[in-house]
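In what follows, a single structure is set out as structure tokens and then discussed.
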Amino acid sequence: MGRKDASTSRTPVDQYRKQIGKQDYKKTRPMLRSTRLKAEAKKTALGVKEVALVLAAILVFLLAFYAFFYLNVSNEADLDLDPDEN
């Protein structure tokens, strides 16, 4: 009688979990294994966002590097052309 009372007071979440467990039990081992391997591959794979962020960071660094040297060279060229020499 105690078991019957315990099963009726089950929460909907527990019932849902039990139902999912039964469905997973019906699947074959290779199917479960392939599902697990797909999930692991998805976790470890690099996403498009990460690759784009790395490329953007490299591009910003190169542009800053170029701008620094461009401004340095242009300032030195302006100093070489002294208008008072003529």
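Could you work out how far apart the two model spin labels at Ala64 and Met31 are, taking each label as a point 7 Å from the Cα in the direction of the beta carbon, and quote it in nm?
With each label placed 7 Å out from Cα toward Cβ, I get 5.3 nm.
State in Å² the accessible area per residue of region 18-65; use a 1.4 Å probe, count heavy atoms of protein chains only, and round to the nearest integer.
100
May I ask you to compute the full-extension gain from Thr44 to Lys22, defined as 0.36 nm times their residue separation minus their alpha-carbon distance, rounded to one decimal in nm? Numbers along the way, then the final one.
On the way: separation 22, 0.36 × 22 = 7.92 nm, distance 2.89 nm.
Roughly 5.0 nm would be gained on extension.
I'd like the Karplus ³J(HN,Hα) series for region 48-60: coefficients 6.51, -1.76, 1.60, θ = phi - 60°, whole numbers in Hz, and an x wherever there's a Gly or Pro.
5, 4, 5, 5, 5, 5, 5, 5, 5, 5, 5, 4, 5
The values are calculated or read from the model by the stated rules, or taken from the named source; none is laboratory data. Small disclaimer: the values here were computed from a predicted structure and weren't measured. As a convention, Cβ positions derive from the backbone with ideal geometry for all residues, glycine included, and neighbour counts pool all protein chains shown. The accessibility values were calculated without ligands, DNA or RNA, using every heavy atom of the protein model including side chains. Shrake-Rupley method; radii C 1.70, N 1.55, O 1.52, S 1.80 Å.
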